[in-house]
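Heads up, the thing below is written out as structure tokens.
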Amino acid sequence: MPELVFFSGTMDCGKSTLALQIGHNRSARGLQGVIFTRDDRAGQGKLSSRLGLVTDAVEADEGMDVYGHIVDRVSRGGRVDYVIVDEAQFLAPVQIDQLARVVDDLGLDVFAFGITTDFRTKLFPGSQRLIELADRIEALQVEALCWCGARATHNARTVDGEMVVEGAQVVVGDVNRQAGEVGYEVLCRRHHRRRLTAETARAGTLSPDVLPVAAEG
């Protein structure tokens, strides 16, 4: 049976790499798919991974009918055996509904990849709708790590290394930021709560995370 599968995790856990691998495995077997993406770091109409792999994709702009796009492609004689959606958190809830319709009405597997929560720990609307509708939710097994070495569970937005908790939900940036630009960093919950990034941890001479050391008698 065709499924709507949501692969979720923090940044740096290999979502885009897995999306590219799934596409490669299926194309190697002669299957043809459609890849959607939104606001990829490599630019419009691209799906890229941090390992340097890039492929062409369809930019799922705001207001785009993704179900209609698939139907139009098939009606023009194109072949579609599966659908991959990267950066699915940026899609509108109505577009997630359209992906569910691709599964139910067209009988195609849809593999959606995205992060669940934003830098404020709030659910992205697209991710929330995927959680509500997906046949299956898969947590990525590659663990991203906080600067302290613990498993990263939260995404942080930074400016000059300082964590910020206000602003628009979607601001395109990257973990490999330049100074003065908006960047992102994965943190464990403890350091996200304390707004302690790798840069501020290095800069601080005294940290609230330092445990008291008892004097030896």
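The values are calculated or read from the model by the stated rules, or taken from the named source; none is laboratory data. Note that this is a predicted model, so its numbers are computed, not measured. Cβ coordinates were reconstructed from backbone atoms using ideal geometry, including for glycine residues, and neighbour counts include every protein chain displayed. Ligands, DNA and RNA are excluded from the accessible area calculation, which covers all protein heavy atoms including side chains. Shrake-Rupley method; radii C 1.70, N 1.55, O 1.52, S 1.80 Å.
Please determine, by comparing only the residues of region 1-17 that are outside any strand (DSSP E or B) and modelled with pLDDT of 90 or more, which one is most open to solvent (accessible area, probe 1.4 Å). Among them, the one singled out is Met1. Tell me, please, whether a residue that is within 30 Å of Ala150 (Cβ to Cβ) and either open to solvent by 20 Å² or more (accessible area, probe 1.4 Å) or in a strand (DSSP E or B) (or both) can be found in region 56-74. No; the residues of region 56-74 include none that is within 30 Å of Ala150 (Cβ to Cβ) and either open to solvent by 20 Å² or more (accessible area, probe 1.4 Å) or in a strand (DSSP E or B) (or both). Scanning region 18-33 for residues that are open to solvent by 40 Å² or more (accessible area, probe 1.4 Å), in a helix (DSSP H, G or I) and within 24 Å of Gly77 (Cβ to Cβ) turns up Arg26, Ser27.
Filtering region 75-103 to residues that are assigned to a helix (DSSP H, G or I) and over 24 Å from the mean Cα position of the chain (by Cα) leaves only Ser75. Only one of Val71, Val110 is assigned by the TED database to the domain that holds Arg38, touching a residue at least 24 places away in the same chain (Cβ under 8 Å) and touching a strand residue (DSSP E or B) at 6+ places or on another chain (Cβ under 7 Å). Can you tell me which? The unique qualifying residue is Val110. Leu133 meets all of the listed conditions (1) over 19 Å from Thr10 (Cα atoms); (2) modelled with pLDDT under 95; (3) open to solvent by 50 Å² or more (accessible area, probe 1.4 Å) but one, namely (2). Exactly one residue out of Gly217, Gly183 is at pLDDT below 85 and either part of a loop (DSSP other than H, G, I, E, B) or aromatic (Phe, Trp, Tyr) (or both), and it is Gly217.
Residues in region 34-49 that are modelled with pLDDT under 90 and open to solvent by 20 Å² or more (accessible area, probe 1.4 Å): Arg38, Asp39, Arg41, Ala42, Gly43, Gln44, Lys46. Does region 80-96 include one or more residues that are open to solvent by 30 Å² or more (accessible area, probe 1.4 Å), over 30 Å from Glu185 (Cβ atoms) and in contact (Cβ under 8 Å) with a residue 12 or more places away in the chain? Yes, region 80-96 has at least one match.
The set of residues in region 101-124 being at pLDDT 95 or above, open to solvent by 20 Å² or more (accessible area, probe 1.4 Å) and over 19 Å from Ala57 (Cα atoms) consists of Arg101, Asp104, Asp105, Leu106, Gly107. Selection of first residues in region 128-144 that are closer than 20 Å to Ser16 by Cβ and of second residues that are among the basic types (Lys, Arg) and not in a helix (DSSP H, G or I), restricted to Cβ pairs under 6 Å at least 6 apart or on distinct chains, gives the following pairs, ordered by first then second residue: Glu143/Arg151.
Only one entry of Ile70, Ile96 meets the criterion of being more than 21 Å from Leu20 (Cβ to Cβ), at pLDDT 95 or above and of a type outside the set (D, E, K, R), and that entry is Ile96.
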